[in-house]
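The values are calculated or read from the model by the stated rules, or taken from the named source; none is laboratory data. Owing to the predicted nature of the structure, the values given are computational and were not obtained by experimental measurement. Every residue, glycine among them, receives a Cβ derived from its backbone with ideal geometry; neighbour counts consider all protein chains shown.
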Amino acid sequence: MSGMAKDRKKIRWTEHYERTMEILTERGLLLVVGGDRPNPMTIGWGAVGSIWGKPLWIVLVRPSRYTYGLIEKTGDFTVNVPGRGLERACAVCGSASGRDVDKFAECGLTAGKSAGVVSAFIEQCPIHYECKAVHANDILPNRLAPEIAGAFYGSGDYHRVYFGEILGAYADAGRLGEL
Ligand SMILES: Cc1cc2nc3c(=O)[nH]c(=O)nc-3n(C[C@H](O)[C@H](O)[C@H](O)COP(=O)(O)O)c2cc1C
């Protein structure tokens with residue numbers, strides 16, 4: 001794993017909020033969990049906000065994902081914002097499982113060593129957020145609007161919702177044009 005590149009600098013966690021949210025809904029973001037054998041997974045849902053006086057990323061992971069076991073063990077994650085050119089990586093990381101495939105190798109991605117968490121970040125992504133899980137809870141079927149239950153949970157597999165304190169947000173100035 002390589003160290004953090006020189007021109008990757010700490011930024012305010014709100015600095016690229018708007019573009020990050022657009023990309024979340026356009027091509028998805030890449031959630032990475034694990035340090036020794038990090039695993040990227042595409043996410044299309046998530047929220048950034050402020051709770052308990054902390055900046056937070058809230059992400060949702062279904063128990064069937066390989067990522068779920070990793071995040072339960074590691075207790076931290078990074079959220080990586082992919083630029084143009086990483087569409088194939090988003091497709092692969094959103095369909096193949098880390099149980100079967102080394103997705104970093106398969107997608108030609110490089111794992112960078114994070115500053116404040118065990119989980120790696122993706123060097124090719126212009127922005128990444130380092131997050132420590134401070135709370136988790138599960139979607140409650142009996143508190144869910146029936147139309148959402150019907151549309152998204154036909155086979156159960158209710159998401160676990162992770163609240164990750166943003167310990168740091170980082171941007172690679174040389175890559176921001178790729179967003
Ligand atoms: C655009 C897109 C968004 C996705 N968003 C999520 C998500 O928010 N939560 C989730 O659990 N799975 C989501 N998935 C599915 C996982 O990325 C997919 O099942 C992946 O293969 C799981 O990888 P893993 O087994 O290595 O953890 C999404 C897939 C795509 C293509």
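Can you confirm whether Leu56 is touching a Pro at 6+ places or on another chain (Cβ under 9 Å), aliphatic (A, V, I, L, M) and buried (at least 16 other Cβ atoms within 10 Å of the Cβ)?
Values: touching a Pro at 6+ places or on another chain (Cβ under 9 Å): no; aliphatic (A, V, I, L, M): yes; buried (at least 16 other Cβ atoms within 10 Å of the Cβ): yes.
The answer is no for Leu56.
Here are Arg99, Arg160: which of them is over 29 Å from Tyr17 (Cβ atoms) and within 11 Å of the ligand (Cβ to nearest atom)?
Arg99
Cβ contacts < 6 Å: first residue farther than 16 Å from Cys131 by Cβ, restricted to region 160-179; second residue part of a helix (DSSP H, G or I), any location; separation 6+ or different chain. Result?
Close Cβ pairs satisfying both conditions: Leu179/Arg19.
Any residue that is of a type in the set (A, V, I, L, M, F, W, C), in a loop (DSSP other than H, G, I, E, B) and modelled with pLDDT under 95 - is there at least one of those in region 2-22?
Checked region 2-22: at least one residue is of a type in the set (A, V, I, L, M, F, W, C), in a loop (DSSP other than H, G, I, E, B) and modelled with pLDDT under 95.
Of the conditions (1) without any contact (Cβ under 8 Å) to a residue 60 or more places away in the chain; (2) more than 17 Å from Trp45 (Cβ to Cβ); (3) in contact with a strand residue (DSSP E or B) (Cβ under 6 Å, 6 or more places away or on another chain), Leu109 clears all except one; give me its number.
Result: Leu109 passes all but (1).
Among the residues of region 44-56, are any closer than 24 Å to Gly3 by Cβ and in contact (Cβ under 8 Å) with a residue 60 or more places away in the chain?
First pass over region 44-56, keeping only residues closer than 24 Å to Gly3 by Cβ: none.
No, region 44-56 contains no residue that is closer than 24 Å to Gly3 by Cβ and in contact (Cβ under 8 Å) with a residue 60 or more places away in the chain.
Residue by residue, here is whether (1) out of contact with any strand residue (DSSP E or B) (no Cβ under 6 Å at 6 or more places or on another chain); (2) surrounded by fewer than 15 Cβ atoms within 10 Å (Cβ to Cβ); (3) closer than 22 Å to Pro63 by Cα holds:
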residue: Val117; (1), (2), (3): no, no, no
residue: Pro126; (1), (2), (3): no, no, no
residue: Ala133; (1), (2), (3): no, no, yes
residue: Ile139; (1), (2), (3): yes, no, yes
